[in-house]
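Novice: The structure that follows is given in the form of structure tokens.
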Amino acid sequence: MAESDNKDSDSKGKEAAERFSRSVANIAETVEKETAELVAYLNDEVVPTVRGHSSKALRTAAGKLAELADFLEKQQRKTP
């Protein structure tokens, strides 16, 4: 009878291990899918927006630097 209990226990343990392995595999598959979707979203939506804002910020900074250069030139001309 003890041998029968061991076999049942081994069988239940194997079944539990298989269920656990399937669960881990399903989770890994879901994570891979979600990660791919996140990367696609970042590439398609976020990166272009950031680039657009970065370009605008650089143009604004360039304009302000030009204004500063003009101001410094005017100040230099005023002082003997």
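Every number in this text was worked out from the coordinates using simple rules, so none of it is lab data. Quantities reported herein were computed from a predicted structural model and do not represent experimental measurements. We place every Cβ from the backbone using ideal geometry, glycine too, and count neighbours over all the protein chains shown.
Novice: Using only the alpha carbons, work out the radius of gyration and Dmax of the chain in angstrom.
Specialist: Taking only Cα atoms of the chain, I get Rg and Dmax of 32.9, 111 Å.
Novice: Helix 2-41 against the longest principal axis of the chain: what's the angle in degrees, Cα atoms only, rounded to the nearest 10?
Specialist: Computed tilt is about 20 degrees.
Novice: Work from the charge dipole of the chain (Cβ charges, +1 for Lys and Arg, -1 for Asp and Glu, about the Cα centre) and give the residue of Ala69, Leu38, Ala57 farthest towards its positive end.
Specialist: Of the candidates, Ala69 comes out farthest on the positive side.
Novice: Moving to a separate point now. Between Ala25 and Thr49, what's the calculated FRET efficiency when r is the beta-carbon distance and R0 is 41 Å? Round to 0.05.
Specialist: With R0 = 41 Å, the Cβ-Cβ based efficiency is 0.70.
Novice: Could you tell me what % of all Cα pairs in segment 37-80 have separations over 14 Å? Could you put the intermediate results ahead of the total?
Specialist: Details: 623 of 946 pairs.
Tail of the P(r) past 14 Å holds 66 percent of the pairs.
Novice: Extension gain Leu72-Ala40, at 0.36 nm per residue separation less the Cα-Cα distance, in nm?
Specialist: Using 0.36 nm per residue and subtracting the Cα-Cα distance, I get 6.8 nm.
Novice: Among the lysines in the chain, how many pairs, 8 or more places apart or on different chains, have alpha carbons under 29 Å apart?
Specialist: Working: Lys14/Lys33; Lys56/Lys64; Lys56/Lys74; Lys64/Lys74; Lys64/Lys78.
Qualifying lysine pairs in the chain: 5.
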